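Right, one structure below, let's go through it.
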Number of protein chains: 2
Amino acid sequence: MNNDLCKKLGIESPIFAFTHCRDVVVEVSKAGGLGVLGAVGFTVEQLKAELDWIDAHIGDKPYAVDIVIPQKYEGMGETDVDTMREQLETLIPDGHRIFAEQLLTAHGVPKSPDDNGPKGGLQGWTEATALPLLREALTRKNVVMIANALGTPPVDIIEEIHATGRLVGALCGKVKQALSHKKAGVDIIIAQGTEGGGHTGEIGSLVLWPQIIDAVGDTPVLAAGGIGDGRQMAAAMCLGAAGVWTGSLWLAVEEAEADPAEKASYFNATSEDTVRSRSWTGKPCRMLKSDWTEAWAAEDTPDPLGMPMQGMVTFDAVKRTKNYAGVADTQKVAFNPVGQTVGLINQQESCRQVVFRLLNEYADSVERINSFLEDA
Amino acid sequence: MNNDLCKKLGIESPIFAFTHCRDVVVEVSKAGGLGVLGAVGFTVEQLKAELDWIDAHIGDKPYAVDIVIPQKYEGMGETDVDTMREQLETLIPDGHRIFAEQLLTAHGVPKSPDDNGPKGGLQGWTEATALPLLREALTRKNVVMIANALGTPPVDIIEEIHATGRLVGALCGKVKQALSHKKAGVDIIIAQGTEGGGHTGEIGSLVLWPQIIDAVGDTPVLAAGGIGDGRQMAAAMCLGAAGVWTGSLWLAVEEAEADPAEKASYFNATSEDTVRSRSWTGKPCRMLKSDWTEAWAAEDTPDPLGMPMQGMVTFDAVKRTKNYAGVADTQKVAFNPVGQTVGLINQQESCRQVVFRLLNEYADSVERINSFLEDA
């Protein structure tokens with residue numbers, strides 16, 4: 001399979017794999033897709049180390065980096081990170097951190113040895129913190145695309161990326177956002193339906209994709225939200241997508257660096273076990289339902305704050321639930337963003353197996369749909 | 001296009017059109033699809049008149065009738081309708097009817113001349129009220145299928161329908177429900193994703209359909225929820241569906257008996273303008289967002305009752321908003337069930353035009369997906 005977008009990016013199959021694991025980036029790109037490293041959770045130093053490792057293992061294959069510059073957040077416009085952090089701290093009621101800590105303690109989640117307190121909380125969820133990550137990514141020659149996970153990137157940033165010869169992608173969940181992306185100069189629109197894991201909207205993929213494809217004309221659209229096998233990929237291509245943007249599919253592969261308890265939580269989950277919740281990042285994000293999501297949604301508990309404050313409240317909890325995934329009842333309060341397609345993920349495969357399975361299932365679907373016409 | 005299911009039902013294209021309008025039933029069946037008359041809103045006398053009209057106009061074409069026997073509702077097991085109504089009346093607080101009346105008055109919706117009070121409220125939403133509708137439908141020779149819109153039909157009812165030589169279809173929004181349908185003897189599973197209008201679940205179509213198709217093996221599955229054009233139909237067939245079940249698509253066609261103000265509300269709506277709400281029937285039902293849905297969701301207003309009581313509360317409002325669709329602010333409190341695909345419905349066409357457009361778009365999609373493979 002091949003199309004213009006594949007040629008432009010130097011890939012064989014338009015399968016884009018969003019992941020936080022460097023191993024998955026490398027293996028998907030080597031299998032002919034495009035690995036996309038989600039950078040938001042890393043400090044600049046950590047990102048540098050990850051990209052060094054990828055560059056040392058990926059050969060001449062291309063890859064992409066995903067950053068987060070939200071359209072709207074508290075503290076927007078402040079470019080000094082420490083000043084921003086201080087301002088945001090004043091907006092966080094004590095009760096929120098106490099409530100989070102109580103939930104972790106009640107579920108037996110151990111303390112972090114390297115607890116760096118509230119200072120650690122401001123991740124790459126703002127322009128000020130995302131820019132250094134972006135600039136590190138732009139030093140790498142195999143990075144062919146930068147994606148923005150939330151909202152339209154500022155025009156000057158798009159121009160900065162274009163000036164280095166890379167393409168810019170951006171996610172969206174509404175037609176209006178897609179048009180705003182296109183107007184700003186985004187090269188690849190990633191249309192994500194409500195089924196998707198992570199930050200996501202309310203419109204189903206089947207209804208969202210064709211409307212965005214119609215709206216943006218010749219700008220290529222990647223179909224995101226609900227892609228768990230090659231049948232769904234074929235459906236996306238039927239609807240006019242130029243490729244598929246996948247995430248959940250890579251959470252439990254062999255190469256994914258995750259505790260077996262975390263992987264088991266995906267294998268065991270059905271599509272009904274996810275929920276859109278503001279309880280971790282402050283914006284609606286689809287994840288496994290848990291004691292955590294239910295506790296923050298209950299009537300007599302604190303309401304989640306906005307982005308990035310809620311992320312500052314939960315920073316420690318994200319780390320601890322990740323690091324102690326197999327300990328006590330950690331999985332019941334763990335941050336496990338995943339889409340509804342988790343119901344289709346029932347066994348561990350390698351990245352290469354997943355890519356080839358998708359292509360085989362895709363071919364079978366094309367054959368199936370052709371046979372209907374032949375029968376007529 | 002043709003497949004086993006088409007042959008079994010005597011139709012040319014597996015396009016199932018759910019509608020409350022007899023004209024639409026006739027025109028879709030004449031265009032080669034299968035018109036499905038939703039019977040729940042009719043008394044037996046009214047249904048008889050509608051079916052007489054259809055039988056007089058449809059020639060030798062087949063059609064279907066859709067009834068509602070919910071899996072669970074208050075008053076289950078009671079077979080005497082008057083007794084059930086009396087029991088249910090005691091469960092309805094006065095405040096609910098007063099609140100509904102206030103909303104209508106505030107929006108200038110005129111009173112019904114034939115207001116028959118609470119007695120009219122118990123529609124075909126129960127086994128006791130649905131059975132007479134079903135039996136009327138089974139007297140019609142061109143009825144080839146009976147569908148149940150909510151839950152698995154009781155086994156004795158399935159057997160009664162089978163004994164007359166008709167097929168039984170049933171809607172579902174979860175894999176578990178699909179398996180229950182199959183076990184009970186349902187012939188055609190209608191898998192409806194969250195995008196769909198009317199009573200609907202939370203799983204997106206793209207994720208739901210393939211899981212249900214895998215789960216029920218050789219039982220044919222119709223894809224419902226989000227089908228507004230032929231690209232989406234092609235996507236559904238790629239995923240293994242035997243056909244598509246559509247509803248929103250027929251709300252504003254030329255033949256649909258609806259006030260221009262109601263049709264305009266669909267043409268003007270985007271996919272973001274629908275909401276799942278319990279405010280009309282008591283079960284989550286997707287419809288246009290309105291002052292009505294917002295009022296019932298507000299914090300200091302009555303919580304919607306269960307089915308069928310909420311329907312008894314709103315019976316008069318459904319009729320009045322339908323009959324006075326163009327008067328004053330009626331559209332702001334009207335009951336307009338529709339799916340997210342309403343964003344794709346922007347102009348009035350005839351039923352025949354819609355059927356042929358779907359088939360053309362379907363063929364274009366098949367051509368598009370084949371061209372990806374040829375380019376390789």
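Within the range A:71-92, does at least one residue satisfy the condition of being in contact with a Lys or Arg (Cβ under 8 Å, 6 or more places away or on another chain), at pLDDT 70 or above and closer than 21 Å to A:Trp296 by Cα?
no
So that you can scan it fast, the table gives a plain yes or no per residue for (1) surrounded by 22 or more Cβ atoms within 10 Å (Cβ to Cβ); (2) under 17 Å from the mean Cα position of the chain (by Cα); (3) outside any strand (DSSP E or B):
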position: A:Val244; (1), (2), (3): yes, yes, no
position: A:Ala261; (1), (2), (3): no, no, yes
position: A:Glu272; (1), (2), (3): no, no, yes
position: A:Thr314; (1), (2), (3): yes, no, yes
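Residues that are among the small types (Gly, Ala, Ser): which helices (runs of 4 or more DSSP H) entirely in the range A:1-83 hold 2 or more of them?
It comes to A:44-57.
Which count do you get for residues in the range B:135-186 that are touching a helix residue (DSSP H, G or I) at 6+ places or on another chain (Cβ under 8 Å) and under 22 Å from B:Met233 (Cβ atoms)?
7
How many residues are assigned to a helix (DSSP H, G or I), farther than 12 Å from A:Ser279 by Cβ and among the β-branched types (Val, Ile, Thr) when one looks only at the range A:317-334?
Number satisfying all stated conditions: 2.
Find the residue count for the range A:243-257, including only residues that are out of contact with any strand residue (DSSP E or B) (no Cβ under 6 Å at 6 or more places or on another chain) and at pLDDT 95 or above.
Final tally of qualifying residues: 8.
Is there any pair linking a residue in the range A:175-191 that is on the phi > 0 side of the Ramachandran plot to one that is crowded, with 23+ Cβ neighbours inside 10 Å, with Cβ under 9 Å and at least six apart or on different chains, and which?
Filtered contacts from the range A:175-191: A:Gly185/A:Pro153.
Regarding B:Gln192, is this residue within 20 Å of A:Asp273 (Cβ to Cβ), within 10 Å of chain A (Cβ to nearest Cβ) and modelled with pLDDT of 95 or more?
The answer is no for B:Gln192.
Testing B:Gly339 on (1) within 30 Å of B:Pro93 (Cα to Cα); (2) within 19 Å of the chain's Cα centre (by Cα); (3) of a type outside the set (S, T, N, Q), one condition comes back false. Which one is that?
Condition not satisfied by B:Gly339: (1).
For A:Leu373, indicate whether it is at pLDDT below 95, within 14 Å of another protein chain (Cβ to nearest Cβ) and surrounded by fewer than 21 Cβ atoms within 10 Å (Cβ to Cβ).
yes
For every residue, the table says whether it meets (1) under 13 Å from the mean Cα position of the chain (by Cα); (2) surrounded by fewer than 17 Cβ atoms within 10 Å (Cβ to Cβ); (3) over 16 Å from A:Leu251 (Cα atoms).
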residue	(1), (2), (3)
A:Ile11	no, no, yes
A:Asp23	no, no, no
A:Val36	yes, no, no
A:Leu51	no, no, yes
A:Asp60	no, yes, yes
A:Val65	yes, no, yes
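Which one of these does A:Ala334 not meet: (1) within 14 Å of chain B (Cβ to nearest Cβ); (2) in contact (Cβ under 8 Å) with a residue 60 or more places away in the chain?
The one condition A:Ala334 does not meet is (1).
For the range B:27-53, enumerate the residues that are in contact with a Phe, Trp or Tyr (Cβ under 8 Å, 6 or more places away or on another chain), over 19 Å from B:Val68 (Cβ atoms) and free of Cβ contacts under 8 Å to residues at least 60 places away in the same chain.
B:Ser29
A:Gly59 fails exactly one of the following numbered conditions: (1) more than 30 Å from A:Phe16 (Cα to Cα); (2) modelled with pLDDT of 90 or more. What is the number of that condition?
So the condition that A:Gly59 fails would be (1).
Looking only at the range A:246-259, which residues are part of a helix (DSSP H, G or I) and within 14 Å of chain B (Cβ to nearest Cβ)?
A:Ser248, A:Leu249
How many residues are surrounded by fewer than 17 Cβ atoms within 10 Å (Cβ to Cβ), polar (S, T, N, Q) and facing another protein chain (nearest Cβ under 10 Å) when one looks only at the range A:337-370?
1
Would you pick out the residues in the range B:285-333 that are under 15 Å from B:His107 (Cα atoms) and of a type in the set (Gly, Ala, Ser)?
The answer is B:Ser290, B:Ala295, B:Ala317, B:Ala325, B:Gly326, B:Ala328.
Which condition from (1) closer than 30 Å to A:Ala269 by Cα; (2) free of Cβ contacts under 8 Å to residues at least 24 places away in the same chain; (3) not basic (Lys, Arg) is the one that B:Leu222 breaks?
Of (1) closer than 30 Å to A:Ala269 by Cα; (2) free of Cβ contacts under 8 Å to residues at least 24 places away in the same chain; (3) not basic (Lys, Arg), only one is false for B:Leu222: (2).
With the checklist (1) farther than 26 Å from B:Glu254 by Cα; (2) within 14 Å of another protein chain (Cβ to nearest Cβ); (3) in a helix (DSSP H, G or I) in hand, flag the one item B:Arg276 doesn't pass.
(3)
The values are calculated or read from the model by the stated rules, or taken from the named source; none is laboratory data. The shown structure was predicted, so the numbers you read here are calculated from the model rather than taken from an experiment. Ideal geometry is used to build each Cβ from the backbone, glycine not excepted, and the neighbour counts take in all protein chains shown.
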